Each structure stands twice: as structure tokens, then as C-alpha cells.
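Chemist: Mind having a look at this structure? Questions to follow.
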Amino acid sequence: MKAVVVLTVLASLVAAPAPAYASRAALALEVLSSRPDQVTGGDALIRVRGTGGARLRVLRNGEDVTAAFRRTGDGLTGLVSGLAVGDNTLTATAGPRRRSTLKVRNHPVQGPVFSGAHQYPFLCKTERSGLGPPVADNQDGQGMRVPGGWSRDCFAPTVTDRLYRSTDGAYRPMPAQGRPADLATTTLLDGRTVDFVVRRERGVINRFLYSIAMLEGGWNGRAMYRFDGGVGIGHDQGTLGGSALDPYGLGQGYAILHSSGTRTSTHYNLILGGETALMVKERFVEQHGLPLYTVGVGGSGGAIQQYIYAQNHGDRVIDAAIPQYSYPDMVTQTIHVGDCELLERYMDAHPRWARWDERTALIGMNASDTVVNPTTGRPGSDECVSGWRGLTPLTMNPLWTNNDDPEWQRMDPPGVKDTVQWTHWDDLRKVYGVDEHGYARSTWDNVGVQYGLEALTGGVITPEEFLDLNAEAGSWKEAADMVREGCPFVPSACPADFDPWSARNANLSGDPAPRRTGDPEAIRNVRSSGLVFGGDVDLPVIDWRHYLEEQLDMHNAHQSFASRKRMLDHDGRAGNQVIWFTDARPDGPRSDQTPEALRVIDAWMANIRKYPARGVAGNRPPQAVDRCFATDGTELAAGPHVWDGILDRRAPGPCTQRFPLYGTSRTVAGGPIEGGVHKCRLQPVERAVARGLYGSWRPTSEEQARLKQIFPTGVCDY
């Protein structure tokens, strides 16, 4: 890389070279592309302001780099390269009296910056992604076998290509000469119609694949970061998703930023993911300058990332968010999802629960006698089965993984895949910590949890059923005690070894079956890590989802309000978040409010630029309110009271009435809608009885004795 690279990409920023004459404010140096202590890749976009009419000179570690700078609308801007790994000093002088110094810390483009040591083994996927084989980085037989040695960190040189969108909707290589007959056109935000030709840059940043794509001659000055969902356990470079070439965003003129490291189908380490997003954004700004704003778009795990990165990094990754099918975070979903198979096993073993419609009473989530069960192939299922089955072993069992990529056969030393503890806890062992047996610590806890409490007080189950359920529910074994899964998770075990509940890895023996205490160190660590959404977000947020409850989809609708409640709990305000639902009944989604959400965000961001003193909530355009829509996209209701009755005691609003919400096993047990209680505060059984926690049931002395036997340390006091 050259010692100095002149910034030439953004024509709007380029004017005459230094010397420059600016305002008489104090001379100041700032990094535009990242925080000064988080520069990566050896270069940074630097702005100098306040030369006071004097000749500017800029030094990098004592070497003159002034030639990199050009006058822009608010100072002088230049891409300074040649930064050494570690600490660097930039010095600007303007005449004999004006001087400014900036310390810059540069990190390798392969990272890490703040996420901690790299994870190994790590499966490379540059070849299948069109970047060629990864670069050999060692001769020690570690990593993937490649020409010239082995690759542990999966780097590959940057590739730039041109694509065009065909009239049939496909992307094809753009020929060097001529205009393809099937070349589509697109209409930009400003009304111009241009050819749909895309310039795409791909490479490796922070060991993950990245993509930056934009229309040739059609960039509208805005950027969109496309985050993807899924559930992965790491040790994998991942691949680029289809959203990297989002046709709507590109067609409107947005630059599209994307990385395999910000797809939760690759990993769920959102400390690493946030680091990767910052580095990809840094690369974009260095090449194209600061956009008007960057809006996040993505569903499920892609929505979680927007909430978490906005909380942890402010507006340094995104300036606005459109989380779709959202949850507040992933790590607190494990709390109630970990209950699913324990309760399903119990209900499957008792004829009382043969009617699937009734299972909501225990799991809180929706259930149906008519939806086809993916495990049995027969009618009758619930969200635990249709939405979450398989997540228990994926999260908790170190001996089971869904990563069966044949490329593991190219990894050395042989059998290295089998050395991995394939759990969510281990993927984040740097956060959760490691126990005395070498296994990652786990937060999962159900001590004192009274399953079915709300069903008891509502008269849906009897006291006898309540006691029996809580005596039999059990808990999960420690990682060191778990064994290999059976059918359906291991196809070769089918049909004889049928165990969809992972019962072999549950603590079910004894009367009562034992509960599990979450590791207190793991709980403390994760709650201070930034992986739990605590509601501290001050960006425009349009939280949108299709209403999928009747499909028993895992993206249960109450999660949007869990996020809002956490925001309210944080500082009493949530005026920067609006919640939109679109019906998907009776036959699935037919309309998408994302284009409208983008238009509203654009107006919202324009207001913020015009009236910054009003803040985010004070700049909401008229359409930035809570809303709900019919299946065809027609607005049903809008305004501040459409969701009344969910987080307050008002009469249900029109959207609340139209879209019934469900809960979780922990809300049925008395927990709050916002969730997030890893370990509940305990109260003695006597106190719970005295407070009337059990409704009209007044336990006899024998029943109280049974409660104490089941809950020897007390019951949850939420």
C-alpha cells in the first residue's frame, strides 16, 4: 500500500489541493472513518478544520502527508495510509502558531480490535464465494490446506466486479463492451431513471467476507447496512447472503454494506459482530466518504444486531434502524427457550395435554390442533416445536452441531472439528467464562420457576396438575455430562432412537426432578458485556414484522414490546421507536412495509439534519407513529394509542385487538413481558402463599410441604 493515498472517490468532497484557507476556529484533527483508537487496515479518513487562513501541513509519524488532503465543504479531508500497527501520531500545523496532534491506534485488517483473541479452528469459505483460495499464512499444518501451506485466518485479496440486473430479476456479469439487451433500469429516490448496473467490492475484513455494492452513477448519498439472521455457533467464515445485493435498496440508489460476520447464521458473538460492522463501515467511509446516513435493515438475528449495535456503538455503525421480526437480544431468549423441550416432554407423556390448543397454558406461546407438526408430520403443534425445536441441543450440547460442511475434511490437524465444544456458551467463552472442567459457563437457570402459575391462577389447571408439572419438569445437565443426541438430530439414529426432547441430556430422575442453578459468574459477565439489550438506544427505530402467530413462527409478536419495555425501563422514554405490524393471515405474507419504512426513515433523518436541537423523538415525521396494516398492506390504524393495553392498563387499542399477543413459559410463571431475568429473586413458599400468589388456591399444610419439597430454596418473586 502506498504511504499516502489521495482521496479521489467522492467528487462532492474534492476541490483544490492544500494549501487551504478555512475558518479561524482552533485547528483540529479528527478521524471520520472510525474512532481514533479503532483504526484498522493501515489507513484512515482524516479531516482538518480551523487552519485560519494559513498554509496547512500534516505529518504522519513525522512524515509529510499533506498531499493527501483536499478542500471540502467543512475543512480539508484526506485518506492517510501507511499507518503502523499500534500507536501513530498525526500532526497538523497551520502557520507558526496553529498546531494540533492526534493519537491514532491502528489494528490489522484481520482484527481483532476489541473482541479478543481469534477463535480457532476457523473454516475458510473464500473459494466458494468467488474470491479464490485463502492466502497461506503458516507452514505449521494449522488450518485449511491451501496452495503453499495452510490458512488459519482465511484472508483473500479484494475483488471488484460489475454486475447488471436483468429484466428477469437475476444478476449477471456486466460485459466490458456493449449494453445487454436484457439490462433493467431503475428509478432513484430523486426520480432519475438509470441503468441497473452495480459495482461491487468483495474481500475479507476481520476474517469475514464483506461486500460493498452500489449503482454506477446512481448513488443517492445514503447507505444501508443489511444484517442477516439465523443461528450459528461460530468457527466458520460464513458466506455472503442474498441481501448483499438487495434489489430494492440498490434500485433506490442506496449503497449496500454487508458481511458474513454480521449474519447470525455464521455466529452469535455480537461483540465480534459489532467489531466487524464497524470495520466494514470504516472501509466504506474511507472509499466513499461519509454518507448522509446509514440505515440498518434486517430480520430476526439481523434485527437483534441493530438493537445491540445501536446500544453499544451509538451511531457509528447505523444512524437509524428497521429491525424486522425482532427480539431485544439473543442471550435472554435462551432463558425461556431452554424450557421448551422440558415442558414438551412432560406434555407428551401426559394425556391431559393431547389437545395441542391447550399447551399455550404452559409454554405461553401459541399452539394449534391443525398446524402440521414438523416432527410427526401430523396435525397438532406449537411454537416450541414448530419454531424452536433443535435450538436446545444447538445451544447447550457440546457434542452436537449442525455444521456438517464437507470442507472440514480439508482442515488440519485431522479431526480438529471434533475438538470444538459446539455450544452457544462456548462460542462466547470469552464472555461467559470457563469452569473447572474446561467447559464454558452457562447462564441457564430454572430454580424457583413455577411453571404454569398463570394457568393455575386462571383455573386452567388444577393444584394437583400444577404440583405434578413442577415436580417432573426437571432441568438440563452440565455440559461435561451431556451425551450425543438421538433422532431426529442425528438422522442415522432414526427411527429407533427417537428423542426430540433431548431427554437424555436432561435431569429428570428423582422426586422432584432437580432444577439447575445458572452460573453466577456467567450471568454477571453477560449482563455487563453489552450482549443484553438494556434499552439504551437513541436512534430512529421502526420495528416492523408480519404477524405470524397463527403459523407458530418463532418470531413471536410480543418481542417488539419487550424491546419497548426495556427502553422505558432504561430512561422512561421510547419516543424514538415505533412499532408496525402487517397481517399475514390467512395464507401468509402478501405485502411488505419495508419500502414505506425506508421512506419514513428518510424524512425522519432529514428532519434531524434540519432541526438537530429537537432530538430524535422531536423530529418524527407524521408517518413515524405506531401503526398496523391489513394483509394487503392497507393501513388499519395509526397513532399513539393503537397498542394500548399491552404495556399499560388502558382499554385495548385497535391494533392490540386485531393482533393478539402470546407470552413465554416464564411470563406464564409470573415473569415480566420484557423477559431478561436470568435468575429470579427467591421468596419462601410461606411468603408466596401469604401474598396470595396462587390466586384462589389456598394450599393445605400437606400441599405447602410438597411445594417446599419441589422448591427447597423458595419460589420466584418477580
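Chemist: Pick out, in residue order, every one of the trypsin sites (Lys or Arg not before Pro) in region 457-559 that is DSSP loop and has at most 14 other C-beta atoms within 10 Å; say none if there are none.
Modeler: Those satisfying the criteria are 484.
Chemist: Under 18 Å Cα to Cα from residue 281, which aspartates and glutamates show up? Leave out anything in the same chain fewer than 8 places away.
Modeler: Residue 281 reaches 30, 37, 43, 201, 228, 246, 315, 319.
Chemist: Can you report the principal axis dimensions of the chain using only the alpha carbons, biggest first, rounded to whole angstrom?
Modeler: Rounded to whole Å, the extents work out to 90, 62, 60 Å.
Chemist: Output the Cα-based Rg and Dmax of region 341-487 in Å, rounding Rg to one decimal and Dmax to a whole number.
Modeler: Final numbers for Rg and Dmax: 18.5, 60 Å.
Chemist: State to the nearest 20 debye the size of the charge dipole of region 191-243 about its Cα centre, where the only charges are +1 on K and R beta carbons and -1 on D and E beta carbons. Could you put the intermediate results ahead of the total?
Modeler: On the way: 7 positive and 5 negative charges, 27 e Å.
The calculation lands at about 140 debye.
Chemist: Further question on the same structure: At 1.4 Å probe size, with every protein chain present, just tell me what the per residue accessible area of the chain comes to in Å².
Modeler: 39 Å²
Chemist: Can you tell me how region 550-631 classifies by the Cα gyration tensor, rounded, prolate or oblate, using a/c under 1.5 as the rounded cut?
Modeler: Details: a/c = 3.53, a/b = 1.51, b/c = 2.34.
Oblate, since a/c reaches 1.5 and b/c is not below a/b.
Chemist: Continuing with the same structure: For region 627-691, what mean projected area does the convex hull of the alpha carbons give, in nm²?
Modeler: 6.4 nm²
Chemist: Sticking with this one: Using a 1.4 Å probe on the protein chains only, how many percent of the accessible area of region 515-672 belongs to carbon and sulfur?
Modeler: Percent of accessible area from carbon and sulfur atoms in region 515-672: 48.
Chemist: A further question follows. Quick one: grab the alpha carbon gyration tensor of region 529-677, order the square roots of its eigenvalues as a ≥ b ≥ c, and give me rounded if a/c is under 1.5, else prolate or oblate depending on whether a/b is larger than b/c. All intermediate terms of the calculation are to be shown ahead of the outcome.
Modeler: Working: a/c = 1.77, a/b = 1.15, b/c = 1.54.
The shape class here is oblate.
Chemist: May I pose another question? Would you mind listing how long region 97-256 runs along its three principal axes, going by Cα atoms, in whole Å with the largest first?
Modeler: Principal extents (Cα only, largest first): 56, 54, 35 Å.
Chemist: Also, quick follow-up: Is the shape of region 416-526 best called rounded, prolate or oblate, per the rule: a/c under 1.5 gives rounded, else a/b larger than b/c gives prolate, else oblate, with a ≥ b ≥ c the square roots of the Cα gyration tensor eigenvalues?
Modeler: Oblate is the answer for region 416-526, as a/c is 1.5 or above yet b/c matches or exceeds a/b.
Chemist: Sticking with this one: Per the Kirkwood formula on distinct C-alpha pairs, the Rh of region 163-253 is how many angstrom?
Modeler: Details: mean 1/r = 0.0691 Å⁻¹.
It is 14.5 Å.
Chemist: From the cross-link list 565/679; 477/679; 430/679; 477/565, which pairs have alpha carbons spaced over 29 Å apart?
Modeler: 477/565
Chemist: By DSSP, what percent of the beta bridges with both residues in the chain are antiparallel, rounded to the nearest 5?
Modeler: Around 70 percent of the beta bridges assigned by DSSP in the chain are antiparallel ones.
Chemist: At 1.4 Å probe size, with the rest of the protein present, what percent of the exposed accessible area of region 310-365 is carbon and sulfur atoms?
Modeler: Ligands and nucleic acids excluded, carbon and sulfur reach 52 percent.
Chemist: Still on this structure, please answer the following. Using each residue's phi in region 628-644, evaluate 6.51 cos²θ - 1.76 cosθ + 1.60 at θ = phi - 60° and report the 3J(HN,Hα) Karplus result to the nearest Hz, with x for Gly and Pro.
Modeler: 9, 10, 6, 4, 7, x, 5, 5, 9, 7, 8, x, x, 10, 5, 9, 4
Chemist: Next up: What percentage of the solvent-accessible surface of region 453-511, computed with a 1.4 Å probe over protein heavy atoms, is contributed by carbon and sulfur atoms?
Modeler: Working: 1470 of 2700 Å².
Accessible surface attributable to carbon and sulfur in region 453-511 totals 55 percent.
Chemist: Report, ordered by chain and residue number, the lysines lying within cross-link reach of residue 417, taken as a straight Cα distance under 19 Å and ignoring same-chain residues fewer than 8 apart.
Modeler: 125
The values are calculated or read from the model by the stated rules, or taken from the named source; none is laboratory data. The model shown is predicted, which means the values in this text are computed figures rather than measured ones. Counting neighbours? That spans all protein chains shown, and the Cβs are built from the backbone with ideal geometry, glycine included. Each accessible area value is taken on the protein alone, full model and side chains, heavy atoms only, with ligands, DNA and RNA left out. Shrake-Rupley method; radii C 1.70, N 1.55, O 1.52, S 1.80 Å.
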